[in-house]
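The values are calculated or read from the model by the stated rules, or taken from the named source; none is laboratory data. Model, not experiment: these values are computed from the prediction. Quick reminder, even Gly has a Cβ in these numbers, built from the backbone with ideal geometry, and neighbours come from all protein chains shown. Ligands, DNA and RNA are excluded from the accessible area calculation, which covers all protein heavy atoms including side chains. Shrake-Rupley method; radii C 1.70, N 1.55, O 1.52, S 1.80 Å.
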Amino acid sequence: MFFLYDLLVRIAGFLIRFIAMVSPKIKLFTEGRKNVFTTLESAIHPTDKTIWFHAASLGEYEQGLPVIEQIKANYPSHKIVLTFFSPSGYEIRKNNTVTDVTVYLPLDTRSNAIRFIKAIHPDLVFFIKYEYWPNYLDVLKQQQIPTYLVSGIFREKQSFFKWYGSFYRNALKSFRYFFVQNEKSKQLLQSIGFHNVKVSGDTRFDRVSAILERDNTLDFIENFKADTTTIVIGSSWPKDETLLVDYINRCTDPVKFIIAPHNIKPEQIQELQKSISRKTVLFSEKDAITNLSDYDVFIINTIGILTKIYSYADIAYVGGGFGKPGVHNILEPATFGVPIVIGPNFSHFAEAIALVNMEGCISISNQKELDEAFSNLIQNEDIRFEKGHICSTFVQMNQNATKSIVNHIKNEYTV
């Protein structure tokens, strides 16, 4: 089975080179992997002690960051190696200050797995949330390198739990321990014979809670907001924006809007700006504006500041809920005690399900429901406060997953 899998990965790698000719994202995927081993050879020496973390993309990196930071603090003599599979993670966090080496993960061929693990010779390995690469995991198991899954989440539809999933079930045997987000994941693993599992919770709660301790001040947002009720729209997609723009153009309440689209390509930002009839300014134009408070809508055509912007929100709309797999990160506005509105697709996200059930978060499916949700929150400060309080309390009550994981590791592994 490994031979067939290896062959399929090699064929996929060959085909990807052709796709890269017409896809900028896939080009980053292929070009970024060309110098991985050269980078490792210059950064990691045979006498170095290392710990390896793997994140599929940006979301998984953010999820695992509290664990990375704590492990780094507990094992200061080790170099921290971080790998990404996706360009959307690597390109944004390749220059992070937490890890010692950050590279793309080479494709999961047998030869790559052997060469990569030999190059970094890790003492400990952590896979964040998911991505189960059979060759890498098998080599780690053969070399008896302790490997852990952090903030894992499992669903019945995954191949592990199907009659045809034995190949991937065997890959799970490489993990010394599974730290999962919920009881359902634990039960699913136990149903296929894995009892080395603990419900530690979701490390993202620790990540977003730490946000409150930093300086979230943005002077230009304060100038724009000017003590006016403000709706922050984060990670919006065109399907979200169709409803949102319609509401913005008709809204008669004294309210301002900040929009941070998921995609900030110039042509899409221009199209969004043209669709809004109210006075609108772009982030890229802000330095040329004398008084930002004169504007009604602020479009953020840059990345990296949305989390801070949420601290100024009175109401948040988090996008993605009209697409697949669904809504983006709602924990960032929640930690600031902001009531949240989302689209209908959130069933893959436990925190969204919980907050909708607790009524801190409102799910809408059409224009009428969006209008009603916003109007109710704008016009009724008590409801706004109550729902925001539910959100912040929910985040506070779900902290300490990182502590649970790191304490377990400390008991198993000492320098």
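Explain nothing, just compute: Karplus ³J(HN,Hα) = 6.51 cos²θ - 1.76 cosθ + 1.60, θ = phi - 60°, for every residue of segment 164-173 in order, whole Hz, x for Gly and Pro.
In residue order, the calculated couplings are 9, x, 4, 4, 6, 4, 4, 4, 5, 5 Hz.
Where a Cα-Cα gap under 12 Å defines reach, which aspartates and glutamates qualify for K225, not counting those fewer than 8 residues away within the same chain?
Filter leaves D294, D296, D314.
For a quick check: with amide H placed at 1.01 Å from N, whose amide H comes under 5 Å from I258's, ignoring anything fewer than 5 positions away on the same chain?
It is I231, V232, I233, F298, by chain and number.
For segment 382-391, in order, what is each residue's ³J(HN,Hα) by Karplus, 6.51 cos²θ - 1.76 cosθ + 1.60 with θ = phi - 60°, in whole Hz (x at glycine and Pro)?
Each residue's phi maps through the Karplus curve to give 5, 5, 4, 5, 4, 5, x, 5, 4, 5 Hz.
Rounded to the nearest 500 deg cm²/dmol, what is the calculated helix-only ellipticity per residue at 222 nm for the chain, with -39500 (n - 2.57) per DSSP H run of length n ≥ 4?
Per the formula, -13500 deg cm²/dmol.
Quick one: accessible area per residue over the chain, 1.4 Å probe, rounded to a whole number of Å²?
Normalised by residue count, the accessible surface of the chain is 47 Å².
Is the chain best put as rounded, prolate or oblate by its Cα gyration tensor, with a ≥ b ≥ c the root eigenvalues, rounded for a/c under 1.5, and otherwise prolate when a/b is larger than b/c, oblate when not? Before the final figure, lay out the partial values.
Details: a/c = 1.90, a/b = 1.66, b/c = 1.14.
In terms of gyration-tensor shape, prolate.
Would you pull out the residues with amide H under 5 Å of V341's amide H, same chain only if 5 or more places away, H placed 1.01 Å from N?
A316, Y317, V318, I362
From the backbone phi of segment 370-380, what are the Karplus-calculated ³J(HN,Hα) couplings (6.51 cos²θ - 1.76 cosθ + 1.60, θ = phi - 60°) in whole Hz, Gly and Pro given as x?
Using θ = phi - 60°, the values come out as 5, 4, 5, 5, 5, 4, 5, 6, 5, 8, 10 Hz.
Projecting each Cα onto the charge dipole of segment 286-410 (Lys/Arg +1, Asp/Glu -1 at the beta carbon, about the Cα centre), which of I315, T393, V341 comes out farthest on the positive side?
Farthest towards the positive end: T393.
Which aspartates and glutamates does K25 reach when only Cα atoms under 18 Å apart count, and residues fewer than 8 places away in its own chain are ignored?
Within the straight-line limit of under 18 Å, K25 reaches these aspartates and glutamates: E91, E267.
Check the straight Cα-Cα distances from K324 and name the aspartates and glutamates below 13 Å, setting aside those fewer than 8 residues away within the same chain.
Correct list for K324: D240.
Calculate the dipole size of segment 154-218 relative to its Cα centre from +1 charges on Lys and Arg beta carbons and -1 charges on Asp and Glu beta carbons; express the result in debye to the nearest 20. Walk me through the intermediate numbers first.
Working: 12 positive and 6 negative charges, 84 e Å.
In debye, rounded to 20, segment 154-218 gives about 400.
Carbon-plus-sulfur fraction of the accessible area of segment 300-406, 1.4 Å probe, in percent?
The computed percentage sits at 49.
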